[in-house]
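Everything below concerns the one structure shown next.
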Amino acid sequence: MTMATTSSATPVATTAAAQPVTANAIRLAQRDAHTEPRLVRGIVIGLALTFLSIFVVLPLLLVFAEAFSKGFGFYLSALSDPEALSAIWLTLVTAAISVGLNLVFGVAAAWAIAKFEFRGRTVLITLIDLPFSVSPVISGLVFVLLFGAQGYFGPWLMAHGIHILFAVPAIVLATTFVTFPFVARELIPLMQEQGQQEEEAAISLGARGWQTFLKVTLPNIKWGLLYGVLLCNARAMGEFGAVSVVSGHIRGETNTMPLLVEILYNEYQLVASFAIASLLAFLALVTLIAKTVLEGQIEEGRHVSDD
């Protein structure tokens, strides 16, 4: 009896003694894994802060400082100039149309790629990534070759009085081309991670395709969709290269905000140029804040789905 009692108590005591040792070992391992010499940490943090200050914070501060260098009244007059108002309006219209088109295309492409297996799927993914690898200037030249006076469709368009190149349609087309990967590329991995179980369950219960998308798929991807739209809109409003090629730089008609900044700067209207640039910088800061909020929502949604 005594031996049995001793043998049965020994493992319990050993286990109880081993638990704090294991916990301490884990804490020590975590501390060692995340502990570097203070000098190294100070150097790394200092380099990072210095880099951000020189290449990010300082240029933004200089833009706003130069924009308000002649006072708030001159700043407002620069923004209220008819040419500036035309550029602001054209930028907003172009961004709205291109983001709307990319929203439809991005959702459809992501749904097809993530939910179905079909011939040409790899080709579609490659085409979605194409604007990332092609220079915006080259993409603008493609539209010149298509719709220019010496292009493939140019003579026919001119004969029928249709103006695409050096007009708003060409600006919208060029902006849509350079921005269409953003929505699709944000949604594809998100949809692939979520799988198809919920959609299949909805269909098995009698839901139609649109009902399944609106009631099941869309609520699951709403934060990722907003994130992709946000990035797409930011790129659309700041696009310069492709728009510069196809716009024709017609003052008051085909100049977007980035193009007007260049024109005013080349004409030595520095304060007016920086006033328009400050508006773009402000939109970029708003985009950054919204991006941070959406990233938090997406991460929270992933934690909830994992639980």
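The values are calculated or read from the model by the stated rules, or taken from the named source; none is laboratory data. Keep in mind it's a predicted model, so treat the numbers as computed, not measured. Neighbour counts are summed over all protein chains in view; Cβ atoms, including those assigned to glycine, are modelled from backbone coordinates with ideal geometry. These accessible areas exclude ligands, DNA and RNA; they are computed on the full protein's heavy atoms, side chains included. Shrake-Rupley method; radii C 1.70, N 1.55, O 1.52, S 1.80 Å.
Quick check: net charge around LEU264, other residues with Cβ under 11 Å of its Cβ, Lys/Arg +1 and Asp/Glu -1?
Its environment carries a net charge of -3.
For LYS291, which lysines qualify as cross-link partners when the Cα separation must be under 29 Å and same-chain residues fewer than eight apart are set aside?
Hits, sequence-local ones excluded: LYS115, LYS215, LYS222.
Under 8 Å for C-alpha pairs, at least 6 residues apart: give me the relative contact order for the chain, rounded to a whole percent.
27 percent
Would you mind getting me the FRET efficiency between SER77 and SER204? Use the beta-carbon distance for r and R0 = 51 Å, nearest 0.05.
Efficiency, from the Cβ-Cβ distance: 0.20.
Along the positive direction of the dipole of segment 145-264 (beta-carbon charges: Lys, Arg +1; Asp, Glu -1; about the Cα centre), which of LEU260, ALA184, ALA236 reaches farthest?
LEU260
Kindly identify segment 97-166 as rounded, prolate or oblate by the Cα gyration tensor criterion: order the square roots of the eigenvalues as a ≥ b ≥ c, call it rounded if a/c is under 1.5, otherwise compare a/b with b/c, prolate if a/b is larger, else oblate.
prolate
Report ³J(HN,Hα) in whole Hz for each residue of segment 70-81, in order, from the Karplus equation J = 6.51 cos²θ - 1.76 cosθ + 1.60 where θ = phi - 60°; Gly and Pro get x.
Computed from phi, the couplings for segment 70-81 are 9, x, 5, x, 5, 4, 5, 5, 5, 6, 8, 4 Hz.
Taking just the alpha carbons, could you work out the radius of gyration and Dmax for segment 194-291, both in angstroms?
Rg and Dmax of segment 194-291, Cα atoms, are 21.2, 67 Å.
Projected onto the charge dipole of the chain (+1 at Lys/Arg Cβ, -1 at Asp/Glu Cβ, origin at the Cα centre), which of LEU52, PHE166, LEU270 gives the Cα projection farthest towards the positive end?
LEU52
Would you calculate a helix-derived [θ] at 222 nm for the chain, using -39,500 (n - 2.57) for each DSSP H run of n ≥ 4 and dividing by the full residue count, to the nearest 500?
Dividing the helical sum by the residues of the chain leaves -26000 deg cm²/dmol.
VAL229: net charge of surrounding residues, Cβ under 13 Å, Lys/Arg +1, Asp/Glu -1, itself excluded?
+3
Given the protein chains as shown and a 1.4 Å probe, how many square angstrom of LEU47 are accessible, to the nearest 10?
So the heavy atoms of LEU47 present about 120 Å² to solvent.
With axes computed from alpha carbons, what is the tilt in degrees of helix 168-179 against the longest principal axis of the chain, rounded to the nearest 10 within 0 to 90?
Relative to the chain, helix 168-179 is tipped by roughly 20 degrees.
Let a ≥ b ≥ c be the square roots of the eigenvalues of the Cα gyration tensor of the chain; is it rounded (a/c under 1.5), or, if not, prolate (a/b larger than b/c) or oblate?
oblate
Please work out the FRET efficiency for the pair VAL104 and ILE138, using the Cβ-Cβ distance as r and a Förster radius of 25 Å; give the result to the nearest 0.05.
E(calc), rounded to 0.05, equals 0.50.
How would LEU285, LEU165 rank on accessible area, largest to smallest, probe 1.4 Å?
Putting LEU285, LEU165 in descending order of accessible area: LEU285, LEU165.
Suppose we look only past 18 Å in the calculated P(r) of segment 172-243. What percent of the Cα-Cα pairs does that tail hold?
50 percent
When the dipole is taken about the Cα centre of the chain, and only Lys, Arg (+1) and Asp, Glu (-1) are charged at their Cβ, what size is it in debye, to the nearest 20?
Approximately 280 debye in magnitude.
Using a 1.4 Å probe on the protein chains only, how many percent of the accessible area of segment 42-173 belongs to carbon and sulfur?
78 percent
What's the longest piece of the chain with no exposed GluC sites (Glu not before Pro), counting a site as exposed if DSSP puts it in a loop and it has at most 11 other beta carbons within 10 Å?
118-266
For a Förster distance of 41 Å, can you work out the FRET efficiency between the beta-carbons of TYR265 and VAL293, rounded to the nearest 0.05?
Given R0 = 41 Å and the Cβ-Cβ separation, E is 0.80.
Report the extension gain between ILE54 and GLU193 in nm, rounded to one decimal, defined as 0.36 nm multiplied by the number of residues separating them, less their alpha carbon distance.
Roughly 46.2 nm would be gained on extension.
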